[in-house]
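Take a look at the structure below.
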Amino acid sequence: MGENRVAVISVIVEDRTIASSINAILSEFGEYIVGRMGVPYKAKNIYVMCVIADAPAEVLNGLTGKIGSLKGVTAKTLMSKI
């Protein structure tokens, strides 16, 4: 695997019943998670999450892909150059 990169994974959840699946995925990648924050946006009935991770690009892409493959979930990653 390549060098670690710091990344922010932005997640929008349209179906809050999927939260346990997201938490299971985050636990699976727990060794790479630096922190996370979730905010319920009640006016739009969605949940917005920000996950900070420090991992090789391949791991970050895998994490984002697993989360983003869940129904009603969108995930995008912004990676540092360092």
**Study point:** Å² per residue, accessible surface of the stretch 6-82 at 1.4 Å
**Key:** 61
Study note, to complete from the structure: In this structure, the FRET efficiency calculated for residue 45 and residue 20 from their beta-carbon separation, with R0 = 25 Å, to the nearest 0.05, is 0.85
Review point. Where the only charges are on Cβ atoms (+1 Lys, Arg; -1 Asp, Glu), what is the dipole of the stretch 16-58 about its Cα centre, to the nearest 20 debye?
Key: 460
Practice item. Quickly estimate the mean residue ellipticity at 222 nm for the chain, helices only: each DSSP H run with n ≥ 4 gives -39500 (n - 2.57), and the total goes over all residues, rounded to 500. Key: -8000 deg cm²/dmol
Study note, to complete from the structure: With the charge dipole of the stretch 19-82 built from beta-carbon charges (+1 for Lys and Arg, -1 for Asp and Glu) about the Cα centre, the Cα from 48, 65, 77 projecting farthest to the positive end belongs to 48
Check your understanding: Any idea what angle helix 57-68 forms with the longest principal axis of the chain, computed on alpha-carbon atoms, 0 to 90 degrees, nearest 10?
Key -> 10
Practice item. Would you mind working out the magnitude of the charge dipole of the stretch 24-82 relative to its Cα centre, with +1 at each Lys and Arg C-beta and -1 at each Asp and Glu C-beta, to the nearest 20 Debye? Key: 400
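The values are calculated or read from the model by the stated rules, or taken from the named source; none is laboratory data. None of the values given here were measured: they were computed from a predicted structure. Positions of Cβ are backbone-derived with ideal geometry, glycine not excepted, and every protein chain shown enters the neighbour counts. With ligands, DNA and RNA removed, areas are computed over all heavy atoms of the protein, side chains included. Shrake-Rupley method; radii C 1.70, N 1.55, O 1.52, S 1.80 Å.
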